[in-house]
Amino acid sequence: MIRKSPPQPSATEIDATPLLAARDVSLERAGRVILDQVSVQVRPAEVTVVIGPNGAGKTSLLRVLLGLWKPGNGRVQRRRGLRIGYMPQRLQIEPVLPLSVRRFLTLRQRAPESVLRERLERVGVPHLLHKPVQSLSGGEMQRVLLARALLNRPNLLVLDEPAQGVDIVGQGEVFKLIDDIRHETGCGVLMVSHDLHLVMAGADAVICLNQHVCCTGRPEEVSRHPEYQRLFPETDMQGIGVYRHDHDHVHDVAGEVHEHHAGCAHGHHGHGGGNR
Amino acid sequence: MEGLLDDFLVRALLAGLMVAAVAGPLGAFVVWRRMAYFGDTVSHSALLGVALGVLLGLNLNLMVTLVCVAIAILLVLLQRRQELAADTLLGILAHSALSLGIVAITFIEGLRVDLMAYLFGDILAVGTGDLLSIAIGGAVALLLLVLLWRPLLALTVHEELAQVEGVPVLLVRLGLMLLIALVIAAAMQVVGVLLITALMIIPAASARRFASTPEQMAILAAVIGMLAVGAGLWGSFQYDTPTGPTIVVAAMLGFILVHLLPGRLIPHFGGR
């Protein structure tokens, strides 16, 4: 079944109120329509992926959802108590700014070194704590950004092209890491990507965007949708499934992050691993 | 103290040290945020503030601060429209404001202004009253900088990330404008409107080689700027050269020296 609009949460779920919902959001910039009547929902404990060609308005939609931009029309609702961990698209820091990873992590909120070390360990780069941020490779930087996004124990992770600037092996690792983390913490994930194969496989819901919402649904459904096939003619679901998880275990449906999970700081799960 | 301040050299030194102590740390932000040309544009408009102050019979420092803030906000608003490239816009405003200021000053009848003093500074003419206003302006700027430090740093690293994490971006940006305007008003008499940016960015750029944290860089920039002021004053006295430019030359020599030093001779400050 292909759904033109996201489904209503079923009554059997405990608290399936969307973490974030946009209703009929439109946006114009410099006379150009960027978003046209976009409605999306991000549900707790799910991975929602926004895909679309370049210039489709993916990042703009993210900005509206994050509250960075005001939509021209429509509205954005956030669930109460929503804590967002945001990982921006590729971050480059001026070499003239002396900044260690430790300082970078604590720019907004202070945290004891042990906590920082735990978070870095979780994303597989504990040795980087005292390195200057400018010395990190693309993959290392993405991991550090992810660690920072996890610092305030988010119940929603928002990721803009999380695998940009990462080599092909590293990309799979980054997506695997994100998937592991959301299973550990039960946080929802909203991700923007144009990297279909890797992303679609781990998604619970896919939103195919090209100014307007072309189609939404589960990845298998979206990939068979004519609009999707028109936008991405070369792709099919073959070869997808790089890290499809068995969903036979219980999630925290409420999407709340629990203290003992918080930030997935145990560091001995054996996930991830370095990409060096 | 009273007797000490009677000496014009002591007053000049104090004024210069106070200005350098604020210009250095602020300069670090100007360097990190690539705002050198922005600072130049705003400082060029300071002359317009002088003219307005004389015309309206108001305190010159206050007027200069106000005009600088106004120009800074105007710049930010114009840059948003993105019809002209940022450097074109800055170039237009910088030189128009400077020319407008000079024209306005020469128009004011009965006013004998030493234009050179405004353009290149006249630190030796600093009076006790000037010293007081520099001290007040500098103290306010320093306090503002300390208060804004963490949010400003977060903003500098990544504006959107900071905004998502709850930094009031607009407010912090406005604070930075006010800071720059305050420092320009204070520094005008020391190095003049044409050289203020140099006093901000050269010490900060020199400090980068020694610093491993943002705070170290800011404090070192202040120290290096103060050294340049001392050396410049001495040089200008020794060789009978204009003081403002001599201070900038001293800062430049320091910059070259710092960058000629081989890496192993550079002391590395600890801390992370």
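The values are calculated or read from the model by the stated rules, or taken from the named source; none is laboratory data. Since the model is a prediction, treat every value here as computed from it, not as a measurement. Backbone-built Cβ (ideal geometry, glycine too); neighbour counts: all protein chains shown. Only protein heavy atoms, including side chains, enter the accessible area calculation; ligands, DNA and RNA are left aside. Shrake-Rupley method; radii C 1.70, N 1.55, O 1.52, S 1.80 Å.
Here are a few things to note about the model shown:
- Hey, B:Thr106 in contact (Cβ under 8 Å) with a residue 24 or more places away in the chain, open to solvent by 50 Å² or more (accessible area, probe 1.4 Å) and of a type in the set (Val, Ile, Thr) or not: no
- Residue tally, condition open to solvent by 20 Å² or more (accessible area, probe 1.4 Å) and within 12 Å of another protein chain (Cβ to nearest Cβ), over segment A:85-112: 12
- Residue in segment B:184-205 that is under 30 Å from A:Leu156 (Cα atoms) and open to solvent by less than 60 Å² (accessible area, probe 1.4 Å) present: no
- Test: residue in segment B:9-27 that is among the β-branched types (Val, Ile, Thr), more than 29 Å from B:Ile224 (Cα to Cα) and more than 14 Å from chain A (Cβ to nearest Cβ): no
- Given (1) over 19 Å from the mean Cα position of the chain (by Cα); (2) at the interface with chain B (Cβ under 8 Å from one of its Cβ atoms); (3) farther than 22 Å from B:Gln216 by Cβ, number of the condition A:Val115 does not satisfy: (2)
- B:Ala211, sole failed condition from (1) facing chain A (nearest Cβ under 10 Å); (2) within 26 Å of B:Thr65 (Cβ to Cβ); (3) not in a helix (DSSP H, G or I): (2)
- All positions within segment B:55-84 that are out of contact with any helix residue (DSSP H, G or I) (no Cβ under 6 Å at 6 or more places or on another chain) and either outside any helix (DSSP H, G or I) or farther than 17 Å from B:Arg173 by Cα (or both): B:Leu55, B:Leu56, B:Gly57, B:Leu58, B:Asn59, B:Leu62, B:Arg81, B:Gln82, B:Glu83, B:Leu84
- For B:Ala51, the criteria (1) over 29 Å from A:Gln92 (Cα atoms); (2) of a type in the set (A, V, I, L, M, F, W, C); (3) surrounded by fewer than 24 Cβ atoms within 10 Å (Cβ to Cβ) hold in every case but one, which is (3).
- Only residues that are closer than 19 Å to A:Ile93 by Cα and within 14 Å of chain B (Cβ to nearest Cβ) were counted across segment A:122-161, and they come to 20.
- From B:Leu89, B:Leu62, B:Leu78, residue being within 20 Å of B:Ile180 (Cα to Cα) and either among the polar types (S, T, N, Q) or modelled with pLDDT under 85 (or both): B:Leu78
- Restricting the search to helices (runs of 4 or more DSSP H) fully inside segment B:85-166 and requiring at least 1 residues that are away from every other protein chain (no Cβ under 14 Å) gives B:86-107, B:115-120, B:128-157.
- Taking segment B:167-197 as the range and being within 12 Å of another protein chain (Cβ to nearest Cβ) and in a loop (DSSP other than H, G, I, E, B) as the test, only B:Val167 passes.
- Single match in B:Val69, B:Val31 (criterion: more than 26 Å from B:Ala211 (Cβ to Cβ), touching a residue at least 40 places away in the same chain (Cβ under 8 Å) and either buried (at least 18 other Cβ atoms within 10 Å of the Cβ) or away from every other protein chain (no Cβ under 14 Å) (or both)): B:Val69
- Looking only at segment A:129-149, residues that are surrounded by 23 or more Cβ atoms within 10 Å (Cβ to Cβ) and out of contact with any Ser or Thr (no Cβ under 8 Å at 6 or more places or on another chain) come to 10 in all.
- Residue within segment A:164-175 that is within 13 Å of chain B (Cβ to nearest Cβ) and among the aliphatic types (A, V, I, L, M) present: no
- Within segment B:150-181, being free of Cβ contacts under 8 Å to residues at least 24 places away in the same chain, surrounded by fewer than 19 Cβ atoms within 10 Å (Cβ to Cβ) and small (Gly, Ala, Ser) holds for one residue alone: B:Gly166.
- The residues of segment A:53-84 that are open to solvent by less than 30 Å² (accessible area, probe 1.4 Å) and not in a loop (DSSP other than H, G, I, E, B), listed by number, are A:Lys58, A:Ser60, A:Leu61, A:Leu62, A:Val64, A:Leu65, A:Leu66, A:Ile84.
- The set of residues from segment A:15-69 being touching an Asp or Glu at 6+ places or on another chain (Cβ under 8 Å) and at positive phi comprises A:Gln37, A:Ala45.
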